Amino acid sequence: MAQQLFHQASLEEERAVPAWDRGSTFGGSEEKSWWQWSGLPALSMACSLFAVALVLLKVELVVQDEGILLSFAGNSLAQQQAQQTLVNNLVEQKLKEFASEQQVVLANYAADIVTRQQDNNLQLASYILDASRQERQEDIGDFISYINDQRKDEQLEQKIKFQQLEHKIKLQTISNTSSAKTAKPANWRLEE
């Protein structure tokens, strides 16, 4: 492998270095871009110092509907308290309005529940009355059918008794008529 590498290296020809101006590569033109301006670091430092001064002095820039307000530490505290009081008053007012609305809604809801409960109670009472009436009617109907059945049974018994009585009467009349035709001994009843 080493021999092959040496052989490949020997096949390569040496070439001459091209002629070019090496000095013009890094400093050839005098025109500089804006970000290469020499005053940029000083400007950056000045902006940083200004920002630190604003933080230390507690300067606030407040943008409102009326305009832009630049205030220092003492002035903004009073304004913030006034705004906080205003916000608290608005929140309390809105909470009171919401509470009154909720009370009205709750009262309406309670009234709806009471009316629904009354309707449900009336429906239940009418159902119970109807059911009890129907049960009473069925009970009365059963009682009447029982009495009618008893009367039919009694009539049937009476009819049977009448038929038996009729049969006995017929037998007696037949026996009386036949006894009159036939002579019987005086002690006939005793013999039977």
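Values quoted throughout were computed directly from the atomic coordinates according to the rules given, and no laboratory measurement underlies them. Model, not experiment: these values are computed from the prediction. Virtual Cβ from ideal backbone geometry, glycine too; neighbours counted across all protein chains shown.
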Please determine, in degrees from 0 to 90 and to the nearest 10, the orientation of helix 40-56 with respect to the longest principal axis defined by the Cα atoms of the chain, where the helix direction is its Cα long axis. 50
³J(HN,Hα) computed for each position of the stretch 78-84 - Karplus, 6.51 cos²θ - 1.76 cosθ + 1.60, integer Hz, glycine/proline x: 5, 5, 5, 5, 5, 5, 4
What value, in deg cm²/dmol to 500, does the helix sum -39500 (n - 2.57) over DSSP H runs of n ≥ 4 give at 222 nm once divided by the residues of the chain? -27000 deg cm²/dmol
Using amide H atoms built 1.01 Å from N in the peptide plane, name the residues 5+ places from Val62, or on other chains, whose amide H lies under 5 Å from its own. Leu69, Leu70, Ser71
Among Leu165, Gln3, Leu95, whose Cα projects farthest towards the positive end of the dipole of the chain, with charges put on the beta-carbon of Lys, Arg (+1) and Asp, Glu (-1)? Leu165
Return an integer: the convex hull volume of the alpha-carbon atoms of the chain, in Å³ per residue. 872
Mean separation of Cα pairs under 8 Å and 6+ residues apart, divided by the residue count of the stretch 37-129: what relative contact order is that in percent? 12
Of Thr115, Thr25, Thr177, which is the most mobile in a GNM of the chain whose springs link Cα atoms less than 10 angstrom apart? Thr25
